[in-house]
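As structure tokens, the structure follows; a few thoughts come after it.
The values are calculated or read from the model by the stated rules, or taken from the named source; none is laboratory data. Just so you know, these numbers come straight off a predicted model, no measurement behind them. Note: ideal-geometry Cβ built from the backbone for every residue, glycine included; neighbour counts use all protein chains shown. Accessible surface is based on the protein model in full, side chains and every heavy atom, while ligands, DNA and RNA are left aside. Shrake-Rupley method; radii C 1.70, N 1.55, O 1.52, S 1.80 Å.
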Amino acid sequence: MTLQWTAVAFFLYAEIVFNLILCIPFISAHRWHLVFNWRIWSWLSPYWNKFFFAMIMALVVLFCDAIREVQKYSGPEPMHDAQANPNLYDHVHMKLFRAQRNLYICGFSLFLWLVMRRIVTLLNQIAETSVNTAGLQAQMENAFKTAEKHQEDNQILKTVRALLEREQSTLITNNQLKLEIEKLQSQLKAAEEAVRRSDAEVEAMKKQAKGLAHEYDRLLREHYQLQNLQSAEGKKDQ
């Protein structure tokens, strides 16, 4: 095996090992995402795409060369020469075997190289999706908590509004009672004033009645005195 095909074989073995490591079930996508976010990968990211496409081009060239070798040793002319010479027959079959082996190695290397890139991309996408899902779930929980809080606040507002309406109705009733009390107080004051006036009139009438009684008594005394004088004068005339 030449140096280039030895390098391709080792590259294939490394791809197989790395893909098997990526497919280990107990290593989650989140852990791989953390590994892929190391600083060394961010430093190598500008060169990664170039290296990826360079390896694809190299593997495609080697794959085409392997196809050419297979077609070369499986054609009618080498097989016709091999049938004529038995020693050459074994040599041609060995060359054909090596060409087919190189074709399989190069083809599987190219295939696993694309598969590895796809696996890494899917792991990153799964990790980002899980992070976004966790964030959305947290947002949904916060939204539910906020909605419950708003419902509680609305219930509290309804209760406060009902209490305010009751207090307002109570205040209105109290104001009406105050107005009624003030009205009754004014009526009571008017009644007291009327009673005072009637008492004053009664006192005045009592005083007037006493004065009339005194005047009546005086007139009776004068009348009695006049009668006594008249009777005394009559007796003198006789």
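The table for this structure:
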read-out	value
Selection status of E128, farther than 29 Å from I27 by Cβ and acidic (D, E)	no
Check on E141, over 30 Å from R31 (Cα atoms) and either part of a helix (DSSP H, G or I) or open to solvent by 100 Å² or more (accessible area, probe 1.4 Å) (or both)	no
Residue within the stretch 124-139 that is in contact (Cβ under 8 Å) with a residue 60 or more places away in the chain and among the small types (G, A, S) present	yes
Selection count where residues are open to solvent by 100 Å² or more (accessible area, probe 1.4 Å) and not charged (D, E, K, R), scope the stretch 189-222	5
Selected residue (only one of T121, T133 is closer than 30 Å to E15 by Cβ and in a helix (DSSP H, G or I))	T121
